[in-house]
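> Sharing a structure below in structure tokens format, with a few things to ask.
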Amino acid sequence: MANAHAQPPVLVAQGIGHLSRNFLREVGGVFWFIVNTFQETFERIQKGRVPFRATSFFRHTQRAGVDSVPLAGLVSFFLGLTMALLTGYQLQRFGTERLIPGLVAIGFTRELGPLLTGIMLAARIGAAYTAELGTMQVSEEVEAIEAMGIGPLRFLVAPRMLALVLLMPCLSTVSNIAAIFASSLVCKAYFSIAFPYFLDLVKDSLLIRDIITGILKSFLFGLLISAIACYRGLTVKGGAAGVGTATTSSVVTAITAVIGFDTLYNVVYTTFYPI
Amino acid sequence: MTTPTHMVELRDVQMQFEEKKVLDDFSLKVEPRERLVIMGQSGSGKSTILRLILGTLRPNSGTIFFKDSEITRLQRRKLQAVRQHMGMVYQYSALLSSRNVHSNVALPLEELTDKSRDEIDKIVDEKLDLVGMKDSKELLPEELSGGMRKRVALARALVLEPELILLDEPSAGLDPVIASVINELIISLSDTAKVTSITVTHEMDSAFRIGTRMAMLYQGKIIEEAEAEKFKQSKNPVVAQFLSGSTEGPILEGSLDAITKK
Ligand SMILES: Nc1ncnc2c1ncn2[C@@H]1O[C@H](COP(=O)(O)OP(=O)(O)OP(=O)(O)O)[C@@H](O)[C@H]1O
Ligand SMILES: [Mg+2]
């Protein structure tokens, strides 16, 4: 290799350059992947045909959405419980336990609900999408679909993407409700806040703005996760081992992207709409 | 530039995978209703040629025509439209593993035509009958043997009534009787339905039964191209060795010495 004798700082700089170039290429790849999927789907709609069958779409919503309800509900329930307990004892010292309901409600609708759901779905559904499409790619099925004159992006990717984008907000809502419910139990048992009073406190503190923020985030995460997962699946190389690598990478990338975008969203949001 | 009247034409095609040159200034013309058979060693690039014609691979340089359309320049939308006039049978069948035989064959009809459920079922039955797979309609691809998959793949390729059909080793893995049935099917398609076919095969019997014209691919080029009878008599040492299956000749020269030395 040419850089065998290069100085360590040069190597580090080269490494960083290499990494950032790869990063940019991947970002561009996913971006164009989304654009092409939209294009292919709209071309199909322009011809006056349905882009994909309702049965195919509902199969994906069933798997991505309905089957994920127990997981999302349970994890959020436990997290809501813990959050209410931990903050409760701190707040109790200042005699402000009645802040617990608002804290949990705002914390989940704006932030934790979408984030948790995003992470869980990236692992549960993103991995499945990548493995499935990756296997189809290495067994030439995707090429065969293309060779028939069927657009693989609108046939394979569009129903998966739409299913996840539409179901993320629903699952986030499930997660929010589970967490708020859990915290109401804690409030009643440890801090003697009765359920009707709890509801009043939640209603007082929760703004429409918080709910809309959470839903917007959910849509965005759904798009990100499905795009990354399908992109990784369709670009698999190297047989069965390649599918394995791509699946791992899909989950890691999707979770990182979800957390990264969440941070970005929050920074932008709090800059333009403080408080 | 003149627009060709051929069914398929490849002009000066260069195809290279990383360092490895597979096709080198490769040219080929296929006339309408012709049944061309391409022979060549394993790994010589026969499947690659079929992929280039379908446009699922892009050449490094050169042009490829399907009738009047330049495959290498078409936009996605046009390319999809053109592909509906071609049928491809992949070497390893490439059936969709999550769909049963019936819905594999029905897929192009469901996605690309406005036919009703009943019409689709009728066409699917008819095509499956042609390849002798009518009784396996409900089976999944994983429940089929290799030869059965091949036949389902052929039925799927025929379902849109293509003008051109590309067959990658259609009779590999079939018993002699079924292989003959498939050969006769390919011949009758061009006789009755005016289908042009390009077949890749190693099996000499089916090659000479099917082919109206034979072509030999060697080191990235067509080195011999003739009517079946003339092809058999070819003086070209590579063709002669290939047809006879002899170890004496220019193909793999020296590898036999390596074996006997051990
Ligand atoms: N996707 C690919 N990436 C890299 N190299 C490839 C790829 N596809 C084919 N090749 C190479 O191109 C050459 C030709 O491959 P091809 O599949 O066309 O051979 P073939 O003539 O169909 O062989 P066989 O009769 O064994 O099917 C091979 O040497 C193969 O290594
Ligand atoms: Mg091959």
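Read-outs throughout are calculated quantities, based only on the coordinates presented, and are distinct from any laboratory measurement. Worth saying up front: this structure is predicted, and the values here are computed from it rather than measured. When we count neighbours, we look across all protein chains shown, and the Cβ atoms used for this are built from the backbone with ideal geometry, even at glycine.
> When we measure straight from the Cα of A:Lys188, which lysines land under 20 angstrom away, once same-chain ones fewer than 8 places off are left out?
Filter leaves A:Lys203.
> What number, in percent, do you get for the relative contact order of segment B:88-146 if the mean sequence gap of Cα pairs under 8 Å and at least 6 apart is divided by its residue count?
52 percent
> Next question. Equivalent-ellipsoid semi-axes (√(5λ), Cα gyration tensor) for the protein assembly as shown, whole Å, largest first?
Result for the protein assembly as shown: semi-axes of 58, 28, 20 Å.
> Would you mind ranking A:Met148, A:Met168 by Cβ crowding within 10 Å, fewest neighbours first?
Starting with the residue having the fewest Cβ neighbours, the order is A:Met148, A:Met168.
> Taking amide H atoms as placed 1.01 Å from N in the peptide plane, list the residues 5 or more away in sequence, or in a different chain, whose amide H sits under 5 Å from that of B:Gly87.
So B:Gly87 has HN proximity to B:Leu164, B:Ile165, B:Leu166.
> Turning to a different aspect of this structure: Tell me, in nm to one decimal, what length is gained between A:Phe42 and A:Ser56 on full extension, where the rule is 0.36 nm per residue of separation less the Cα-Cα distance?
Between A:Phe42 and A:Ser56, full extension yields an extra 3.3 nm.
> Let me ask something else about it. Mark the label point 7 Å from the Cα of B:Asp175 along Cα→Cβ and return the residues of segment B:92-129 whose backbone N is within less than 19 Å of it.
B:129
> Could you calculate the FRET efficiency of B:Asp25 with A:Thr82 from 1/(1 + (r/R0)^6), where r is the beta carbon distance between them and R0 is 60 Å, rounded to 0.05?
The value I calculate is 0.30.
> Tally the DSSP beta bridges in the protein assembly as shown and give the antiparallel ones as a percent, rounded to 5.
55 percent
> What pairs from B:Lys20/B:Lys235; B:Lys137/B:Lys194; B:Lys21/B:Lys221; B:Lys78/B:Lys150 go past 20 Å between their alpha carbons?
Result: B:Lys20/B:Lys235; B:Lys137/B:Lys194; B:Lys78/B:Lys150 exceed 20 Å.
> Run the quick spin-label model on A:Ile259 and B:Asp121: label points 7 Å from Cα toward the beta carbon, then report their separation in nm to one decimal.
5.4 nm
> Could I ask something else about it? Report the full-extension gain for the segment A:Gln92 to A:Arg209: residue separation times 0.36 nm, less the Cα-Cα distance, to one decimal in nm.
That pair, A:Gln92 and A:Arg209, stretches by 39.3 nm at full extension.
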